[in-house]
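Derivation of every value follows stated rules applied to the coordinates shown; laboratory data play no part. Since this is a predicted model, take the numbers as computed values, not measurements. Every residue, glycine as well, gets a Cβ built from its backbone with ideal geometry; the counts of neighbours run over all protein chains shown.
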Amino acid sequence: MDSSTRNRSSGDGGLGTASEAPGAAGRSTAPLPADGPEAVAVTPPAATAHALALARSKWLATGLLMAVTAVFAGTYAFPPGLAVDCVRAMAEAAMVGALADWFAVSALFRRIPLPWVQRHTDIIARNKERIGGNLATFVRDKFLDAPSLVNLIRRHDPADMLAQWLTSPGNAQLLGRQVARLALAALDTVEDARIQRFMNQAARALVGQLDLSRTMAAALEALTHNGRHQVLLDDVLGRVTLLLRAPETRTFIAEAIVQWIRREHPLKEKVLPTDWLGGKGAGAIAQAIDSLLAEVASDPSHQLRTALDAAVQRLIERLQTDPEWERRGLELREYLQNDETLGRYVQELWTSLRERLQKDLSDEHSEVSRKVAAMGQWLGMALAGDPALRVRLNVRLQLWATQVAPDLSQFVAEHIRNTVDRWDAKEMARLVELHIGSDLQYIRINGTVVGGLIGLVLFALSHASELARGLGVLAG
């Protein structure tokens, strides 16, 4: 685009001529320098297309104004008459309409130095903060409010969309590759020495805030609340019973008895049938333990269960109140924070793990990528084959959207308001014109046409008698 077109499309004048753009030629659509006010960035292809469209629409509106001006001036070259006067009135009214709408459109984007009205021009730049606030409020209340988000979820059925996407060929593998790429980028980020130092300091600070004895007490309380640990105990008892009944276990116990007799009573071992004693002893021991475990499992109030509850409760109380346990917790915390050997071990462990992950994630056939892809494919098939699950997931998304909408909408609104406040007012007005100015030029065109029609109507009303006589003459 040549320099004259650039002047016409982005200058400060409103009629679209090169003379109306003083000092604006060649102005870029890129943001202002970093040390100046923030500006809106427009990509060069988009800026060029908008600039060309704006230039064309300005020339069209301006050309129409020039045409009616030429018609108005041309009427004085003809002898006075009703037809000439009618054309002149139409052209005059069209000029007035065109100039009025030129002023209305141009006043949005720039200052027009006319007495008494100039303070009502340059509207966008003068009201930048209010425009930003109104835009933020509009987006918050009409796009990000809870009903809008819930309706969006209901219309698009995101659970079904996710299922279809994950089950489509290649998408699960694409998900795996993207997750691997993001994970590799995260590992590259934490490899930075400063970030590693920060993470080490953060970990030490976090450990320093822990009260280990009371934390362990709280964990035990949560694990044993309402007898939760008894369910775990029942499972352990069942597994131990199965283990005792296994032939391998009885063989192991028998061999242990035989070895004990040989070690502790070598003389008796020579005269006694140790293998027989081992087998019988193993059976007796296993049967006794099995019987005891069966009693514990079938009796919720068994003394061993009661003893376990009491022991756990005593441990919780000691962890909460015993100074000795508190001292041990402080020593353990100090060890976790400052022990050099442990620090080196953790560092070496992390370095080894990171290198292995980086090597795997950099591989085209990454194991992590394959696992993520398989998980994604399984999720897609599970969702596709379970309509009830999709419904529940959508309901959960709707509930989550309802809960998060107020905070999210307020955050986005504040971001919009603060961003607009940082923009340069003149640059903002220029870029708004660049994007919507071509459409606004049709206001000027419509003003010209409507003005001419109004001029015709007014002329007809004011010269009704003359027009009636003329029509009568033509009819006679």
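Normalised Debye scattering of region 359-476 at q = 0.15, 0.16 Å⁻¹ gives log10 I(q)/I(0) of -0.97, -0.98, counting only Cα atoms as equal scatterers and leaving out solvent. The separation of region 162-199 from region 46-60, counted between C-alpha centres, amounts to 42 Å. Each 10 Å bin from zero up to the one holding the largest Cα-Cα distance in region 57-209 carries the following percent of pairs: 8, 14, 13, 15, 16, 13, 10, 6, 3, 1, 0. Reported to the nearest whole Å, the Cα centre-to-centre distance from region 112-151 to region 323-343 is 59.
For region 352-412, compute Rh as the Kirkwood radius over C-alpha pairs and then the Stokes-Einstein diffusion coefficient at 4 °C and 1.567 mPa s; write the answer in µm²/s, rounded to an integer. Before the final figure, lay out each step's value.
On the way: Rh = 14.9 Å.
Estimated via Stokes-Einstein, D reaches 87 µm²/s.
Principal-axis analysis of the Cα atoms of the chain puts helix 158-167 at an angle of about 70° to the longest axis. Determine which aspartates and glutamates satisfy two conditions relative to Lys371: a Cα distance under 15 Å, and not lying fewer than 8 residues away in the same chain. Hits, sequence-local ones excluded: Asp360, Asp363. Largest first, the three principal axis extents of the alpha carbons in the chain are 155, 56, 50 Å in whole numbers. With contributions of -39500 (n - 2.57) from each DSSP H run of at least four residues, the per-residue ellipticity at 222 nm computed over the chain stands at -27500 deg cm²/dmol.
At a 10 angstrom cut-off on C-beta neighbours, averaged per residue, how do the peptides 326-339, 449-462 rank from highest to lowest?
Values: 326-339: 14.1, 449-462: 16.1.
Put in order of decreasing packing, that is 449-462, 326-339.
Just to confirm the number: angle between the C-alpha axis of helix 128-142 and the first principal axis of the chain, 0 to 90 degrees, nearest 10? The answer is roughly 60 degrees. Seen against the Cα atoms of the chain and their longest principal axis, helix 212-224 is set at about 80 degrees.
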